[in-house]
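Enquirer: Can you keep this structure in mind? I'll have questions shortly.
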Amino acid sequence: MAKKYKIKIDNKMEAFGDVDFDKKIIRINRKAHIKAKKKALWDIPQKDSTLINTLLHEKMHIAHPKMKERNIRKITREKLIEMSKKIKNRLYGEMS
Ligand SMILES: [Zn+2]
């Protein structure tokens, strides 16, 4: 599923992250996540503005291309609550 996608850091994009389905690229804005610790960005709750949330969120878009944004956000949050440290570390590793 999301395995074939490459992860690219783009600190200039106007979002925390997005998916290019044609090029199979997940873009992540690292800087925005740091900024969001001080002040919410783009009307996204700060609790959802973590790197790991964004990466998982974009992966959920890939796994469920037709799912609405609201539901993606909800299942991402739920998955993160149940997620082991090991899996979280693996996700972080994909971004380095
Ligand atoms: Zn989204």
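Just so it is clear, none of the values below were taken in a lab; they were calculated from the coordinates. Source: prediction; values computed, not measured. FYI the Cβ positions are ideal-geometry reconstructions off the backbone, even for glycines, and counts take in every protein chain you see.
Enquirer: Using only the Cα atoms of the chain, construct the convex hull and provide its projected area averaged over every direction, in square nanometres to one decimal.
Expert: The directionally averaged projection comes out at 6.0 nm².
Enquirer: Let's see if you can work this out: charge +1 on each Lys and Arg Cβ, -1 on each Asp and Glu Cβ, no other charges. What is the dipole magnitude of the chain about its Cα centre, in debye to the nearest 20?
Expert: Computed about the Cα centre, the dipole is about 300 debye.
Enquirer: Of all beta bridges DSSP finds with both residues in the chain, what is the antiparallel percent, to the nearest 5?
Expert: 50
Enquirer: Kyte-Doolittle mean at least 1.0 and Cα extent at least 15 Å along the axis: which DSSP H helices of the chain qualify?
Expert: Long hydrophobic helices here: none detected.
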